[in-house]
Structure formats: structure tokens, C-alpha cells
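This report concerns only the one structure given below.
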Amino acid sequence: MDTFPIEALPLWAVVIDYILGLVMWTLIGRAAMRLFMADDSPFFFMRFFVRVTDPVINAFKWVTPPFLIDVLKPLYVAWFFFMARFYLMPWLLGYSVMGMLSFPLESEAAYYIWKIFTPGW
């Protein structure tokens, strides 16, 4: 009874979703940290976020509007990854729609959080 629904998905779909999800959440993390510190901060987490996300943001420079302020650019690019996960992944899997918590990365995280806070499991 303690099986996780991710086992029903093909491995390639889970791997693609995890990669897209990690890039998306890293971009969101950079935007969130940017609220508190500058991009050139010596703090090692900020340096990591900038180093990892700069190539992604530069790759999407051709679709990023020039009037967008630098703080919002990571969120704008993260939106593309969210849309790919929301529309492309169900299409690749042959689904017409996917339900709430249908993203394998977030679904698995929610599952384990639920298990931690549910008594008796």
C-alpha cells in the first residue's frame, strides 16, 4: 500500500521533469535571493545561483523583453520552464490534461511531506 504514483510514469518522463523542475526552482531561488542581496554578493549560495542560472538566462535573452528589470528576468525565464512542464510533459505522455500535483518533482515532495506530518505512517 506504500507505493508512490511516480512509479506509473516512464523513467524518461521523470528525468525530463526533474531536470526542468530543478532549473525552474533554481531560477525562482535566484529571484528570491535577489530581493535580499545583489548578484555580485560574496555569499556562496548567491554565487552558486548566479553561476548556474546565468547561462540559462542568457540562452533566453532573445525572448526576454528589454524593458524587463534584471530582478524579474529569472522569474520570466522560469515561467518558460513551468509552461514546458505544464503543457509539453502531458503531451509527451499522451495525456489531454493532468491534475493537481501532476508534476512528479513537486508531487513526490508533497507525498513525503504528507508522510512526515501524518500520524501513523
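Screening P66 on (1) surrounded by fewer than 14 Cβ atoms within 10 Å (Cβ to Cβ); (2) part of a helix (DSSP H, G or I) shows it passes everything except condition (2). Scanning the stretch 77-94 for residues that are in contact with a helix residue (DSSP H, G or I) (Cβ under 9 Å, 6 or more places away or on another chain), open to solvent by 50 Å² or more (accessible area, probe 1.4 Å) and of a type outside the set (A, V, I, L, M) yields W79, F80, F82.
For the stretch 28-51, the tally of residues that are in contact with a helix residue (DSSP H, G or I) (Cβ under 6 Å, 6 or more places away or on another chain) and open to solvent by 50 Å² or more (accessible area, probe 1.4 Å) stands at 4. Being modelled with pLDDT under 90, among the aliphatic types (A, V, I, L, M) and open to solvent by 70 Å² or more (accessible area, probe 1.4 Å) holds for only one residue in I19, I116, and it is I116.
The values are calculated or read from the model by the stated rules, or taken from the named source; none is laboratory data. Remember, it's a predicted structure, so these values are computed and weren't measured experimentally. Positions of Cβ are backbone-derived with ideal geometry, glycine not excepted, and every protein chain shown enters the neighbour counts. Note: accessible area is taken over every heavy atom of the protein model, side chains too, but ligands, DNA and RNA are not part of it. Shrake-Rupley method; radii C 1.70, N 1.55, O 1.52, S 1.80 Å.
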